[in-house]
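Data block below; observations after.
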Amino acid sequence: MKPYIAVLYDSLIESVRSRVLWILMAGWLLILVALFPLSMSEEETYRISSSDLTNARAMLDQLAQATAGRGTRAQRAVYQKLDEDLQSTLQDRLRTQKRVPVGQLVASLNELLGREDLYEKEAWPTAQRREELKELIEDTSKNPAELQKLNRRLIDLAFPGSIRSATGQATWVTYAGMKFMDPLPFTLRQIRPFIEATLFPFIMWLGLGQIAMMVAIVVTAPMIPDMFQTGSLHLLLSKPLSRSLLFLSKYLGGCIFVALNVGFFLVGLYFYAGIQLGIWNRGILWCIPLFIFSFMIFYSVSALVGLIWKNPIICVVLTALFWGLCFTIGVVRGFAEGFLKGPPTIQSIVAVGETPIAANQQGRLLFWNASLNTWQVGFGEVNGQRVLGPIMDTKQGILYFGRTRFVPFGLGGNDSPRLDMVKLPELASKASEASEASEATSQPPSASDTSKKKTRNLWDDSRLDTAPELPNGTSEILPWRDSFLSVTPEGLFGFDRESASKAEQQKISVLGFDLKLPQATEAHKKLTDADWDYRRPIAANSVPGTDSVVLASNGKLVRFDFDGKKLQKQKSIDLDIPAETVVNLVVCGRIAIVCPDAMTPKLIDIDLMQEVGTLDAIGEKTVKRTAQCADGKVALLERDGRLWVLSNDPSGPSPLNLTAPNLVGQGNVSSMAFDQTGRLWVAHHVKQLDVWDNQMTRSEQAFRPSRTTPEFLYDYLINPFYLVNPKPSAIQETIQYVLKNPGNKISAIDRADLDMPQAVSDPWQPLWSNGIFIAVMLSASCWILYRQDL
Amino acid sequence: MVPTSTDLLAIDVQQLSKTYREGILFPRIHPALKDVSLQVRSGEVFGLLGPNGAGKTTLIKLLLGILHPTQGVAEVLKQPAGSKAARRKIGYLPENLVFPRHHTGRSALYFYGRLSEMSDAQIAARENELFDLVSLQGRQNEAVRRYSKGMRQRLGLAQAMLHDPDLLILDEPTDGLDPMGRSQIRDVLDKLKQRGKTVFLNSHILQEVELICDRVAIMALGRLRGIGTIDELIRSHSDEQAGSVKLEVFASPDRINQLSVLPPGGIVETIDFGGLNDQSLSRIAVEKIDQAGVDRLVDALRKADLSILRMERARPSLEQVFMNIVGAAKS
């Protein structure tokens, strides 16, 4: 055996004979044993859980009304089949507004699922128009599962907006076979990527990255100082060994202790995830060397300290201080980035003439304040929400925007989002002028000219007016005709401005103050038929130059044409993608560009409803945002900030011309929009904005907001300090990368998830930077050892 | 007696000096070794003596390459001191040897054997012989943390001999051993000597050095103060510090006093036989008398026709020589 191998082998024996190792191993074993019964199961079921009731109060109100013979026939039919206890409770509710336990309602509804007499043709007249229901209704020998499915669909139809449409799948968290809590509103296929990309890294970060790391630092701290005991070291140095290699062997030997711990736990976790969750992710095993590497960073500090002071206590203290320093810098930078880089990032733009209006990820509406050279927040600094829109009605000079609660993974948005209207009449005229000027001279007026004529600031609160709240569950609003469309799981709703202005506002008195509450639904007219059956995630977009709308949901693309009253379903095509795939959709001429999450965008001819090609230049990337121009141009934004422009040129050799223009901020783009003159407005690097001419060769205008003091501190103090400081915690990003199963295409459950921060673009970069740090520390140690008289 | 041919040298040290610098802001210079030159012949047992702080351990560290010399050169077995080639041929037993706590006697022997570039088969072939030699047979599978100091010392000796080195550097090898253990170590060293191995021994126990070593060097205050065989050392120091002489003469004390042959400080007394004094027998004792004085005294007694029944010439011991040399160095 080579002498240096002997040192390593001796370290292994030393570790194996250490009691601390066995205590830790026992701890890991206990955790794994406790974890092992925890599992997930998926069943086909249409049972109702309390989480399915998105508006239980409304449902109870409707059922209470049904006691008096009011409400729809379907609601009355459901009421009549409920158990007597609940019926009498609902009657009481109508009289006394008595509260009804949701659990009682859920139990009673679940009893209904087994009744064979729930369906009445008169109560559900549209049911036969749905293929799925028609088959179930006509089937006279339904099995209990089919009966349950039929009845659930009927209940869903009876109470739209109050109960979540059943997917037929329920995912349960189980412990030792026992079901835990209510079923989760996701499929296992949706959950698995997040278990792998979020839950596992978190468990590892906490268990191995923090707790085990500190224990390992304490346990291994004496190894190098022990080597320097007079009677021990001199004997080692008398052997034919190189000092440096002896030290490095000892250093690597110290890592064996960590390797045994990490290896034991992660191999256990690998088998647990495979056997119990069905996730055979080899990335878990790749985490073993990554955690050892992470420990090597700290141990290189401990070893150097041990070499200089030869005292294990000083080793532990200084290594802990180093750990604390790295942690603090990382946390400070993380917080700073969280406040300064994520939420303030522009996520949508509407350009009216020369005036940009933007919304950021923080849920704030932004107006450009030229005098202060900054973005001015307008109409309430609401945090933690998502702005829907904004959409500018250029004729009326009204800006519409919605605000909805932002919760990742599609868990939010079931409530009715607020709709606000901002009266900007001067922009209406400016928009027309800009359009005319552009046509005449291609030289739009400057922003300073615009600002001179203003009497009130655009962000003046007096401009804000309440508007009827958006339909329940609105996830997106789209410019459509002269108004906008609300996309909801219950259908597409068109906003009728006339009705909205006529709608009487409800007045209530609170503590002597009169408050005006907007009426909800009159202004939003449902434009789709009763056979609407599309579940989240839904993507929709208008077809430029027409009143048609295309929609992608349930793995299908459907075109709806407007007949003057309704959006009528036309042809559809199966997209050959999983039903739960998040899709972005835009139309270029008569070609719909369907961009499924992490898949190559598909080109669909919306007249023929045939796939005519794919955008291979983009490849299997996620497109998070699209923009379309009246002249047929389309912009696609990849999740990692790369912008593509697709032009429709039927006269050219290829009707669709795809380019990645060389723009300022390319690769860091967060949003884009075309204005009426075809110019492209590109938001990049958080808050910067550039306006590009039609050819995208010249930046006509740039908006560069002045740095705030926190931004200045971040750019010139926190970030540079972070960059030169070793970053052990950055290994977590590499861990997340290796845990990401390449077989999992899903990167989002809801479209809003696409705005969540992504892993770093180069996951191996932390290995290089920390590897250099380790090399520097070990080289310094070897040099000191070589020079030292021992 | 310095070897005439350098081919026979196991250690050759020329003008070796080592100065320690302590402190960073206000460095203090501490000379530990000054101009030391010595040679150790192959096959001899060489003893290095000196009080604490004399520079003995510094010299050993320089020979092993643990320290870098400030000045001078040293060669060990014809290789630069501290080189890997030299260390391959050295077996070293450090003072206050500490074994890692997780080892048994056997695993420690294997560990150090592997560090000496031995294969496991080579170690296996030697282990029983060595455990027998150092009387640890039967205890080799016990954890070293349960070993007594003497057992650890013997295990240390075993590991030093394991790879059959040409030169053994032993730093206080009998430290902590009982008389029986010391005797065993001496036997081991004798066997090594018979096999032609060179032993460089650093010890405080002068009697032991006197018994084992062929040649001795005495160091004090970082300098070499004397080197040679024990006889040579005593002889070279006997001229300066004369020994005592005792004579038993067949004559009464009065008779001897009448002769006036006693040198200054001489004492004459009747020999005491357990309380019975024989007036016809006297003992003459003279301290610090050189050989010429002894010759004159004997001549005078014989000239007076007195019979000298016994004469005892007491020469200085190694300890006396050591004390005198160290004392002189300090003064």
For this session: Please work out how much length the chain gains when fully extended from A:D92 to A:A617, using 0.36 nm per residue of separation minus the C-alpha to C-alpha distance, in nm with one decimal.
Result: 182.6 nm
Exercise. Could you give the distance between the Cα centres of the range B:34-89 and the range A:614-693, to the whole Å?
Worked result: 78 Å
For this session: Place a label point 7 angstrom from the Cα of A:I314 along the Cα-to-Cβ direction, then list the residues of the range A:194-224 whose backbone nitrogen is under 16 Å away.
Result: A:221-224
Exercise. Calculated FRET efficiency, A:S51 and A:K134, Cβ-Cβ r, R0 30 Å, to nearest 0.05?
Worked result: 0.55
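Just rank B:M180, B:M151, fewest to most, by other beta-carbon atoms within 10 angstrom. Walk me through the numbers before you get to the answer.
Numbers: B:M180 10, B:M151 20.
In increasing order of surrounding Cβ atoms, one gets B:M180, B:M151.
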Problem set entry | Virtual paramagnetic centre 7 Å along Cα→Cβ of A:Q276, amide N under 11 Å, in the range A:170-214 | A:174-177
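Using 0.36 nm times the number of residues separating A:T126 and A:K566, minus their current alpha carbon distance, what extension gain do you get?
156.8 nm
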Problem set entry | Per-selection metrics, the range A:1-141 (Cα): Rg and Dmax in Å | 29.9, 93
Exercise. Can you list residues whose amide H is under 5 Å from A:T394's amide H, if they're 5+ apart or on another chain and H is modeled 1.01 Å from N?
Worked result: none
Exercise. Using θ = phi - 60° and the Karplus form 6.51 cos²θ - 1.76 cosθ + 1.60, what ³J(HN,Hα) does each residue of the range B:296-308 get, whole Hz, x for Gly and Pro?
Worked result: 5, 5, 5, 4, 5, 5, 5, 5, 7, 6, 9, 7, 9
Exercise. Measuring from label point to label point, each 7 Å out along Cα→Cβ, what is the B:E269 to A:A34 span in nm?
Worked result: 8.8 nm
Seminar exercise, completed: If amide H atoms are modeled at 1.01 Å from N in the peptide plane, then the residues at a separation of 5 or more from A:S165, or on another chain, having amide H under 5 Å from its own are none
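Counting other beta carbons within 10 Å of each residue's own, what order do B:V268, B:V98 fall into, fewest first?
Numbers: B:V268 21, B:V98 17.
With the sparsest Cβ surroundings first, the list reads B:V98, B:V268.
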Exercise. Hey, what do the phi angles of the range B:181-186 turn into as Karplus ³J(HN,Hα) couplings, whole Hz, using 6.51/-1.76/1.60 and θ = phi - 60°, x for Gly and Pro?
Worked result: x, 4, 4, 4, 5, 4
Exercise. Which ordering of A:D616, A:D755 is given by a fewest-first count of other beta-carbon atoms within 10 Å?
Worked result: A:D616, A:D755
Seminar exercise, completed: Rounded to the nearest 5, the percent of DSSP beta bridges in chain B running antiparallel is 70 percent
Exercise. Mind listing the phi-derived Karplus ³J(HN,Hα) values for the range A:612-622, rounded to whole Hz, using 6.51, -1.76 and 1.60 with θ = phi - 60°, and x for any glycine or proline?
Worked result: 10, x, 9, 8, 5, 4, 7, x, 7, 10, 9
For this session: Enumerate by residue number the trypsin sites (Lys or Arg not before Pro) in the range A:1-106 meeting two conditions: DSSP loop (anything except H, G, I, E, B), and at most 14 other Cβ atoms within 10 Å of the site's Cβ.
Result: A:R70, A:K98, A:R99
Exercise. Taking R0 as 56 Å, what's the FRET efficiency between A:M214 and B:D164 from their Cβ-Cβ distance, rounded to 0.05?
Worked result: 0.75
Exercise. At B:L262 and A:A176, where each label point lies 7 Å from the Cα along Cα→Cβ, what is the point-to-point distance in nanometres?
Worked result: 10.6 nm
Problem set entry | Overall dimensions of the range B:167-240 as given by Cα atoms, namely Rg and Dmax in Å | 13.3, 38
Exercise. Which residues' amide hydrogens lie under 5 Å from the amide hydrogen of A:Q376, considering only partners 5 or more residues apart or on another chain, with H built in the peptide plane?
Worked result: A:F367, A:W368, A:N369
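Report the local net charge at B:E248: Lys and Arg +1, Asp and Glu -1, summed over other residues whose C-beta lies under 10 Å from its C-beta.
Local charge sum for B:E248: +2.
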For this session: Could you please state, rounded to a whole Å, how far the C-alpha centre of the range A:349-399 is from the C-alpha centre of the range A:459-495?
Result: 16 Å
For this session: For the range A:211-345, just say rounded, prolate or oblate: build the C-alpha gyration tensor, square-root its eigenvalues into a ≥ b ≥ c, call rounded for a/c under 1.5, and beyond that prolate if a/b exceeds b/c, oblate if not.
Result: oblate
Exercise. Over all pairs of distinct alpha carbons, what does the Kirkwood formula give as the hydrodynamic radius of the range B:69-196, in Å?
Worked result: 15.2 Å
Exercise. Which value in nm describes the separation of the simple spin-label points at A:N143 and B:D120, placed 7 Å from the Cα toward the beta carbon?
Worked result: 6.1 nm
Seminar exercise, completed: The answer for the net charge of residues other than A:Q765 whose Cβ lies under 11 angstrom from its Cβ, with Lys and Arg +1 and Asp and Glu -1, is -1
For this session: With a ≥ b ≥ c taken as the square roots of the eigenvalues of the C-alpha gyration tensor of the protein assembly as shown, please select rounded if a/c is under 1.5 and otherwise prolate if a/b is larger than b/c or oblate if it is not?
Result: prolate
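Readers should treat all values here as calculations from the given coordinates under stated rules, not as data from a laboratory. The structure displayed is predicted, hence computed values, not measured ones. Cβ atoms come from the backbone with ideal geometry, glycine included; neighbour counts cover every protein chain shown.
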